[in-house]
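The values are calculated or read from the model by the stated rules, or taken from the named source; none is laboratory data. For clarity, every value in this text was computed on a predicted model and none was experimentally measured. Here Cβ is always computed from backbone atoms with ideal geometry, including for glycine, and neighbour counts include all displayed protein chains.
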Amino acid sequence: MLPSVTASTMNFTVFSRPVKLRYGEVHNKMQEPMRLPQEVIARYADGKSAMAISGFDVDMVRRAPDGRESRVKLDDHYLHHYALSMADAPTMSKMLSAASEDAMFARMLSGCHAMTRSGIHNFNNKLWLESRGKGRRMATLGSAAGAEYRDNLQRFDRPFRAVLLRPEVWAPLLHIINMKESRSQTPWSPLLECPCTPQRRIDVAAGTIDGRHPEPPIKCSKEFAATGNPSCHLATYVGGWRCCEHHMFLIDTDKECEHPDCREKPV
């Protein structure tokens, strides 16, 4: 057990790497790990005390060339969901190494599995057993949280905390859609629903989208399939997660762009 000490609070701010998207483009991946502020690392480096996270706030900002920040409007770039992972450097490296060697585990760090945090939970349980219960090495915040992040303070009531030993690095998983040029006549942008565009190659016979088998597979319970929901079958799939992967476009690029990658559009 860790020795009992008088706790003192501290706050710190970290920024993800810049996300640059053209209209209709999707960012959907975990960024490379970044160092936490040095004062945070130094405070817990000896392992005599642990970081007890009592809350966190999330926002999306745009930085001007002169360094000034402005909040990104909710109808400008839509934050579908995020997951923020913190750990000591060896643990984070171990997780990413495992993902590079195991395609199934890599998929569990994104998509539906990331929103339930099942992949991270399984990895944490494995670390717990390997360390014989000596402390938590990784913490993940967020997951299914998305556009409701703004002005929605995330706090843990006493005595609950997310406890973490020797925090050194963090890595954000960000699913963001650029909706800035939407000309929809509806009160909302249709891009919110991740529509499948003509550029998606859906092969019902092969069971693939763009040559890849959907993971997890497209299926529904008999009861839900009976409702006629189009997402229950690949043959009727019109939009959703599988058409909203990293660097995909949610607009018909043949009609709305001069180039397949829409490079003429601003970021």
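Filter the range 54-91 down to residues that are touching a Phe, Trp or Tyr at 6+ places or on another chain (Cβ under 7 Å) and in a strand (DSSP E or B) and give me whichever is surrounded by the fewest Cβ atoms within 10 Å (Cβ to Cβ).
It comes out as GLY55.
Can we say VAL40 is more than 25 Å from VAL163 (Cα to Cα) and either buried (at least 16 other Cβ atoms within 10 Å of the Cβ) or at pLDDT below 95 (or both)?
Answer is no for this residue.
If you scan the range 222-242, which residues turn out to be assigned to a loop (DSSP other than H, G, I, E, B) and either surrounded by 12 or more Cβ atoms within 10 Å (Cβ to Cβ) or within 27 Å of the chain's Cα centre (by Cα) (or both)?
Correct list: ASN229, HIS233, TYR237, VAL238, GLY240.
Quick check: anything in the range 201-211 surrounded by 15 or more Cβ atoms within 10 Å (Cβ to Cβ) and in contact with a Phe, Trp or Tyr (Cβ under 6 Å, 6 or more places away or on another chain)?
no
Counting only residues that are over 26 Å from PRO33 (Cβ atoms) and hydrophobic (A, V, I, L, M, F, W, C), how many does the range 161-195 have?
Looking only at that region, the number is 5.
Tally the residues that are aliphatic (A, V, I, L, M) and without any contact (Cβ under 8 Å) to a residue 60 or more places away in the chain, restricting the search to the range 225-267.
Residues that pass the stated criteria total 5.
Report, ordered by the first and then the second residue, all pairs with beta carbons closer than 8 Å, sequence separation of six or more or different chains, a first member in the range 135-158 that is farther than 23 Å from ILE176 by Cβ, and a second member that is of a type in the set (Lys, Arg) and crowded, with 16+ Cβ neighbours inside 10 Å.
ARG137/ARG166
Of VAL26, VAL40, which residue is of a type in the set (Val, Ile, Thr), touching a residue at least 60 places away in the same chain (Cβ under 8 Å) and touching a Cys at 6+ places or on another chain (Cβ under 9 Å)?
VAL26
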